[in-house]
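Here is the structure we will look at, set down as structure tokens.
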Amino acid sequence: RKNDIEKMLLQHQQQQQLQKLIQDMMRSPFNAKANTEFNFQAAKSEQYDACCGWMQGWRSNMEDAHVIIPDFQKDDHAGLFAVFDGHGGAKCAQLCQAVLPVSSVK
């Protein structure tokens, strides 16, 4: 009798774990309503005026990132402007945002 109860408890735990796994897998990366809050960043130098605008939209989290450095290399009159679409995930876009300016220096 004790073994039967232990088996039933184990089966119940396994079923709960499976249900949670399925729920996690089925969770949508999208919200029921779009986040339409508009954000922007503007910057200027002697050579460039730049602006970047973004909106999260339907996604659960903002996945994109950008770089605006209008006076990136003043001696060469070079600016650095980039948008990283978060198709690789937010962490990938954020990594590119951090690494590109450092790796682009002469």
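The values are calculated or read from the model by the stated rules, or taken from the named source; none is laboratory data. What you see is a predicted model; the values in this text were computed from it and never measured. Cβ atoms come from the backbone with ideal geometry, glycine included; neighbour counts cover every protein chain shown. We work out accessible area using only protein heavy atoms, side chains counted, and drop any ligands, DNA or RNA first. Shrake-Rupley method; radii C 1.70, N 1.55, O 1.52, S 1.80 Å.
Note on segment 1-83: dipole from Cβ charges, positive end direction compared against Gln13, Ala82, Gln47; the farthest Cα belongs to Gln13. Any chance you could give the angle, 0 to 90 degrees and rounded to 10, that helix 2-26 forms with the longest Cα principal axis of the chain? Relative to the chain, helix 2-26 is tipped by roughly 30 degrees. Residue ranges 60-73, 35-48 sort as 60-73, 35-48 when ordered by packing (mean number of other C-beta atoms within 10 Å per residue, highest first).
Across the chain, the mean sequence separation of Cα contacts (distance under 8 Å, 6 or more residues apart), normalised by length, yields a relative contact order of 17 percent. The charge dipole of the chain, taken about the Cα centre with unit charges on the Cβ atoms of Lys, Arg (+1) and Asp, Glu (-1), comes to about 800 debye, rounded to the nearest 20.
Across segment 56-62, coupling constants 3J(HN,Hα) worked out from phi with the 6.51/-1.76/1.60 Karplus curve, θ = phi - 60°, read 5, x, 7, 5, 5, 9, 5 Hz, and Gly and Pro carry x. Using θ = phi - 60° in the Karplus curve 6.51 cos²θ - 1.76 cosθ + 1.60, the 3J(HN,Hα) couplings for segment 30-46 round to 10, 7, 5, 9, 6, 8, 9, 5, 9, 10, 8, 9, 10, 8, 8, 9, 5 Hz; x is entered for Gly and Pro. Based on the Stokes-Einstein relation at 4 °C and a viscosity of 1.567 mPa s, and on the Kirkwood radius from alpha carbon pairs, the chain is assigned a translational diffusion coefficient of 73 µm²/s. Ligands, DNA and RNA are left out, and with a 1.4 angstrom probe the accessible area of the chain is 83 Å² per residue.
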